[in-house]
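Report on one structure; see the data block that follows.
Read-outs: derived from the displayed coordinates by stated rules, not from any lab. Quick caveat: nothing in here was measured; it's all calculated off a predicted structure. Counting neighbours? That spans all protein chains shown, and the Cβs are built from the backbone with ideal geometry, glycine included.
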Amino acid sequence: MSPDLRCYNIADLRERARRRLPRGIWEYAERGVEDEVGMARNRAAFERVTFRPRVLRGVQAIDTSAQIFGKRSPLPLALAPTGAAGLLWYKGDLALARAAAAAGVPFTISSASTMDLEQIAVAGGRLWFQLYLWEDRALSHAVVAKAYDLGCEALFVTLDMPVPPNREYILRNGFGTPFRINARNTLDVLRHPRWLAGVMGRYMLDGGVPSQANLPDRLRAKVTKGAPPGALFKQDDLDWDGVKELRDRWPGKFVLKGILHPEDAEHALEIGADGIVVSNHGGRALDGSLATIEALPDVVQAVGGRLSVFIDSGIRRGSDVVKAVALGADAVLVGRAPLYGLAAAGEAGVSRALHLLKTETARTMAMLGARNFGEVDTSLLGRGP
C-alpha cells in the first residue's frame, strides 16, 4: 500500500473522498432521495444478518473465486455502473475499468458515462454495459450494438428509475443537471483546489468540459448544458414488450437491474433474461423500498437457479459479500465503495477498495470455516434479514 493511502477499510476511503470533493459533487455521489431512509435501511438489513460459524475446519487455504456467467472470477463481485465517475476523478470511468481489469473482476460501463465506449474498452478485462433508454429509442439501439461490437459480454438494463428521482439536496446545493458553477457553489469549489485543478482543470486543458458520451456528435451536450430533444433518458413508457425487444436485439448475456418483487423475477425468466440484479438503486430511487438483502431470498426462490442472481445496494464489507452469497446471490455489484476509492486516489484508490473487499471476504470465510464459496450457505447464518 502506498504510504500516502493509509485507508484500512471502505469507511476510510469514504472519508478521504468526502474531504476531497466539493459538497455538491459529494452529495450527488453519496446521498439518496427524499428522507434517505432507504439508504439506512439497506445497511441496517445487512447488519441484522448474523453468522453461525463452524470451527476446526482447516482454513489455511481460502478460495474466494466464483463462477459468473460460466467464467471464473477471483471474487463473486463486479463493479456496478456509476454515472458520476467522470466528475469525481479525471477520466474516472477509465480508472475504474483499469482497476477492475487488474483485479480480474467485471466492470459495468454506464450509459451515463462522460467517456465513449471505445475510450473505456481499451482497459480490457471483462466489460459489461448498462443501459438507460433515451427518448429516441434508435439511439439506444445503436449504442447497444456498439457495446456488443466492442466486446461487452452482458447488457444490464436498469428498470428501477422509470421517472426522475426526488433528490432535493441538488436543488439546495446548486449542483444540478446541467452542472454549473453558480453563486451557491462557487466558494465551495474554490475551497477544494485539488479537485478543481485535478479534475475540471485537466478537462479544460484537454478539450474542455466533458459531455454526455455514447451519443452522435450532433446530440452531445456538455455536462454544463441540458440534453437536446431525443437525448434525454426516458423510461416511463418502458414495459415488458420493450424489454423483450431489447432481449431479441442483444446476442450476449441479458440482465435486468432493479428487481425486488419475485413476480418480476419470474417475468424476467419468461422473456429470456440470463440474470437479474436485486437492487433498489442504492437507495437513490424510491425511498420506501425494502432493503435488497431482505428481498433476495424470495427472488432466489422464485427463479430456482434458472438464471444468475446479483445483488447491490449497501455493500461495504467483505462480510456483506459472504452474507449475500449465503442467501443465494451468485455475485454482488459494488457501486459506492469503488467510487469512494476513485474520489480518494483515482485508480489506486479503486484498487485499494477492491483489495480490501477481497481480503475481508477471505477473512470472513476463514472465520466461518468455509474454505470456498461452495461451503457458504444459510447453515452459516444465525438469522435471516
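Quick notes
- Helical segments meeting 20 Å axial Cα length and Kyte-Doolittle -0.5 threshold in the chain (DSSP H): 336-368
- Taking the square roots of 5 times each eigenvalue of the Cα gyration tensor of the chain, largest first, gives ellipsoid semi-axes of 32, 25, 20 Å.
- Values of log10 I(q)/I(0), in the order q = 0.14 Å⁻¹, for the stretch 60-131 under a Debye, Cα-only, solvent-free model: -0.43
- Dipole of the chain computed with +1 at Lys/Arg Cβ and -1 at Asp/Glu Cβ about the Cα centre; of Ala154, Val303, Ser313, farthest Cα towards the positive end is Ser313.
- If you look at the Cα atoms of the stretch 281-338, you get an Rg and a Dmax of 11.3, 31 Å.
- Farthest toward positive dipole pole in the stretch 1-147 [+1 Lys/Arg, -1 Asp/Glu at C-beta], among Ile109, Thr82, Ala40: Ala40
- Under the convention that each Lys and Arg Cβ holds +1 and each Asp and Glu Cβ holds -1, the size of the dipole of the chain around its Cα centre is about 1640 debye.
- Inter-part distance, the stretch 320-385 to the stretch 89-136, computed on C-alpha centroids, equals 21 Å.
- Look at the dipole of the chain built from charges on Cβ: of Val209, Leu232, Tyr8, the Cα furthest out on the positive end belongs to Tyr8.
- 222 nm mean residue ellipticity, helices alone, for the chain (DSSP H n ≥ 4; -39,500 (n - 2.57); rounded to 500): -11500 deg cm²/dmol
- Applying 1/(1 + (r/R0)^6) with r as the Cβ-Cβ distance of Val37 and Arg172 and R0 = 22 angstrom yields a FRET efficiency of 0.75.
- The chain, relative contact order in percent, only Cα pairs under 8 angstrom and at least six apart counted: 29
- Difference of contour (0.36 nm per residue) and Cα-Cα distance, Glu270 to Leu238: 9.8 nm
- Antiparallel beta bridges, as assigned by DSSP with both residues in the stretch 1-137, represent about 40 percent of the total such bridges.
- Prolate is the label for the stretch 240-315, because the ratio a/c of its alpha-carbon gyration tensor axes (a ≥ b ≥ c) is 1.5 or higher and a/b is greater than b/c.
- Cβ crowding within 10 Å, taken as a proxy for footprinting-reagent exposure, orders Glu347, Glu36 from fewest neighbours to most as Glu36, Glu347.
- Cα-based Lys proximity count in the chain, under 24 Å, for pairs eight or more positions apart or on separate chains: 23
- With coordinates expressed along the principal axes, the C-alpha atoms belonging to the stretch 344-384 extend over 39, 22, 15 Å, beginning with the largest.
- Here the average projected area of the convex hull drawn through the C-alpha atoms of the stretch 46-181 stands at 12.4 nm².
- Over the stretch 316-385: Rg over Rh, Cα atoms, Kirkwood Rh: 1.04
- Gaussian network model of the chain, Cα within-10 Å springs - most flexible of Arg98, Arg184, Arg167: Arg184
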